[in-house]
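Here's the structure, in structure tokens; my notes come after.
The values are calculated or read from the model by the stated rules, or taken from the named source; none is laboratory data. Keep in mind that this is a model prediction, so the values were computed, not measured. Quick reminder, even Gly has a Cβ in these numbers, built from the backbone with ideal geometry, and neighbours come from all protein chains shown. Each accessible area value is taken on the protein alone, full model and side chains, heavy atoms only, with ligands, DNA and RNA left out. Shrake-Rupley method; radii C 1.70, N 1.55, O 1.52, S 1.80 Å.
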Amino acid sequence: MQGLLLKLSTLDADAESAVRVIAYFDSLLRDHVSVPTLLSATARLAQCPVGLLDAATGRRTRTSPRGAVDTPAEAPAQVRELSDGLGAVWMEREGPAHGLDEIVLERYAVAAEVTLERAAALARSGQDPALVELVLSAETGEAERARALRLLGFAPSTPLQALAIALPDRGPDRGPDRGPDRGPDRELAAGLRAMGHQVRAARIGDTEAVLVATTLPRDLPEGSRVGIGPELPGARAAESWAGARTALRFTGPHDRVMRWSELGALALFADLPEPAVAGLADVRAMERLGEESLAAVRALCLAGSVRGAAATVHLHHSSMAARIARAESVLGFSLADAAGRLRAHLALALVRLRANLRPRTPA
């Protein structure tokens, strides 16, 4: 701060602007902004790209004033080193430097040090699970949720997606406090982090809850069943979590990832009690099919034709037609037209839903 005051004394006309720069970064620190938010805010203030090297991960991130983010192969020659080996920051201005660039860079460096230290302390303290539960709970108040989001490194306006990941059943040799240390659920969260996604996770009941602040890829790593909620501002994370849990109910062995945005009208069935679903004639008939017939019906619903379904499962079309005929004799309706296939598609979804509504066998 003494160095800043000495610089202010030489700025005269720019002194008021310099004070505003200091206040700007102070407000960012009071709000406990995340590293991506700090970069974005600094780039908008400086009106030029800014970058940061996180020494802990070796990751370089650059953000433009318009919010575009990339990972440069290397940092420019002129960088401002952070204290305690935390990394470095820089600005990439074309043309002559502006009068306040030095102060902006210095305050940016100070803010980056504090933000990186906070993130490291939070990771060490293990506060993530309790904070994630607060953010996702529908009972949490607006102010309490905003504070929890900031402690997790998210602004309340940050677009977030909630993931509900099914945890494996506990076996008889697992004690009540022994969790799935390296199960597929943890592997998915770790995989998303390795891909550069900002991830926070917690175990809630028999589900792993994951908050992701960056757009998810279409294809997730294979593993556990996953329900993906809609992308919403952090202040509405509880809604995304509710959507993720609903989507998870429609997953199964052959449909391991389900997105809320793709459920459509199916979501209306999610709150039906298990006996009501089990009592539907189409569901009972679909559950009587053998695995071969079920696979044939599923392929036909997805492909829309017998030949297309046969190609999907690598069968001759005459063999697929025979399997479909056997399935129709059990189901009691034809799959030759769109109406029949829609009926079968709904029955398949409700079979998955019923399987997930059944209570788990206690250990």
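From the phi of every residue in the range 301-312, what ³J(HN,Hα) in whole Hz does the Karplus formula 6.51 cos²θ - 1.76 cosθ + 1.60 yield, where θ is phi - 60° and glycine or proline is x?
So the J values, rounded to whole Hz, are 4, 7, 8, x, 8, 5, 5, x, 5, 4, 5, 4.
Computing the accessible area with a 1.4 Å probe over protein heavy atoms, can you report the carbon and sulfur percentage for the chain?
That fraction is 54 percent.
Would you mind working out the accessible area per residue for the chain, using a 1.4 Å probe, and quoting it in Å²?
Heavy-atom SASA per residue in the chain reads 52 Å².
Return the single residue from G290, G191, G227 with maximal mean-square fluctuation; model: Gaussian network over the chain, springs between Cα atoms under 10 Å.
Among G290, G191, G227, the largest mean-square fluctuation in the Gaussian network model of the chain belongs to G290.
Summarise the long-distance tail of P(r) for the chain by giving the % of C-alpha pairs beyond 36 Å.
Distances greater than 36 Å cover 40 percent of the Cα pairs.
Could you pull the Cα extents of the range 274-337 along its three principal axes, largest to smallest, in whole Å?
Here the Cα extents, ordered largest to smallest, are 38, 22, 19 Å.
Given Cβ point charges of +1 (Lys, Arg) and -1 (Asp, Glu) and nothing else, what value in debye, to the nearest 20, does the dipole of the range 28-105 about its Cα centre take?
That gives the range 28-105 a dipole magnitude of about 240 debye.
Under the rule that an exposed site lies in a DSSP loop and has at most 11 other Cβ atoms within 10 Å, name the longest stretch of the chain with no trypsin sites (Lys or Arg not before Pro) of that kind, not counting the sites themselves. Numbers along the way, then the final one.
On the way: sites that count: R66, R178, R182, R218, R360.
It works out to 219-359.
Using the Kirkwood radius over C-alpha pairs as Rh, can you work out the diffusion coefficient of the range 224-363 via Stokes-Einstein at 10 °C, viscosity 1.306 mPa s, in µm² per second?
The diffusion coefficient I find is 99 µm²/s.
Which of L131, L151, L294 ends up with the largest GNM mean-square fluctuation for the chain, with Cα atoms connected below 10 Å?
L294
Helix-only mean residue ellipticity at 222 nm, the chain, DSSP H runs n ≥ 4 weighted -39,500 (n - 2.57), per residue, nearest 500. What is it?
-15000 deg cm²/dmol
Charges at C-beta only: +1 for Lys and Arg, -1 for Asp and Glu. How large is the resulting dipole of the chain about its Cα centre, in Debye rounded to 20?
The dipole of the chain has a size of about 1260 debye.
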